Amino acid sequence: MQSTVDQVFVGRVRLMLPDGESSAIFKSPVQGRTRVTPTGLEGDEQADLRHHGGPDKALHHYPVEHYRVIGEQWPECAAMVGAGFLGENISTRGMTEHEVCIGDVFRIGDVRVQVSQPRSPCWKIDRRLKVDDASRFVEAAGITGWYYRVLQTGTIAAGDGIELVERPNPWLTLAEYWDTVTAHRPDPVALKRIAAAEGLAADKAQRWRERAQWLESNGG
C-alpha cells in the first residue's frame with residue numbers, strides 16, 4: 001500500500017464556545033517539515049490528556065474522503081468541513097479503515113509509525129460540527145480515522161510518501177476491528193483474538209480481554 005500525505009496539521013489548546021470547554025481540535029496546516037516526537041508533532045497540543053495524546057495516540061490520521069460522507073449526512077455542514085476540521089494531524093486520500101490494519105507499520109518521510117487503534121469519537125465532534133449525535137454517526141459509519149504510535153522519530157511534510165513496510169495482522173482491518181468491538185454482544189473468541197493482535201494499544205487489549213471474559217461468564 002502506498003499513498004501520499006496531503007496536509008499536516010497542528011493546533012494549540014483553545015476554548016470551544018459557547019460552553020468554554022478546552023480543546024485542541026482546531027488545527028492549522030503546517031508549511032514545510034515538522035518534527036515528529038514519540039508523543040506527536042512538535043507544536044501540537046491536547047487538552048484532555050486522560051483521553052487524548054500519549055505514545056499510543058501520537059498522531060491522528062483522517063481520510064479526507066470521510067468529509068463527503070459527513071456533508072451528505074448534514075448538508076448544512078458541507079461547505080465548512082474539510083481536511084483538518086476534526087482535529088487530525090495527517091490528511092490523505094486513498095487510505096481508509098477498509099485498507100488499513102491494526103499493527104500496520106508505515107514509513108512517512110523518514111518517520112516510522114504503527115497503527116495502534118481507531119479514534120474513539122467524543123462529544124467534541126458534536127461541538128465542532130454543531131450537530132447533536134455527530135460523534136455517534138461517525139462511530140456507526142466507521143469513519144473515525146486512526147492513531148499511530150511513533151517507532152522512529154524524524155520529520156514529515158505534505159507531499160511525503162506513505163509506504164506500508166509491515167503488516168502483522170492482515171486479517172484485522174480497522175473496519176473489521178470496529179464492527180467486532182462495537183457489536184451488541186461480540187463473539188468472545190473474536191475479541192480475544194483482537195486483544196492478542198500485535199501492535200494494538202495495551203489499554204484496548206486489556207479492555208477486550210475483560211469484555212471477552214465477561215461474555216463467557218454471562219452466556220456470551
- Being assigned to a helix (DSSP H, G or I), of a type outside the set (Phe, Trp, Tyr) and farther than 24 Å from Leu172 by Cβ is the filter; apply it to segment 54-82 and report the residue that is most open to solvent (accessible area, probe 1.4 Å). Arg68
- Task: Test Ala205 against the stated conditions and say whether it is closer than 30 Å to Phe9 by Cα, out of contact with any strand residue (DSSP E or B) (no Cβ under 6 Å at 6 or more places or on another chain), assigned to a helix (DSSP H, G or I) and not β-branched (Val, Ile, Thr).
- Result: yes
- Task: Might you let me know whether segment 132-145 holds any residue that is basic (Lys, Arg) and at pLDDT 95 or above?
- Result: no
- Hey, among the residues in segment 119-134 that are more than 18 Å from Glu72 (Cβ to Cβ) and basic (Lys, Arg), which one's most open to solvent (accessible area, probe 1.4 Å)? Arg127
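The values are calculated or read from the model by the stated rules, or taken from the named source; none is laboratory data. Predicted, not measured: the structure shown is a model, and the values here were computed from it. All Cβ positions, glycine included, derive from the backbone under ideal geometry; neighbour counts span all protein chains shown. The protein model used for the area step is the full one, side chains on, heavy atoms only, and it has no ligands, DNA or RNA in it. Shrake-Rupley method; radii C 1.70, N 1.55, O 1.52, S 1.80 Å.
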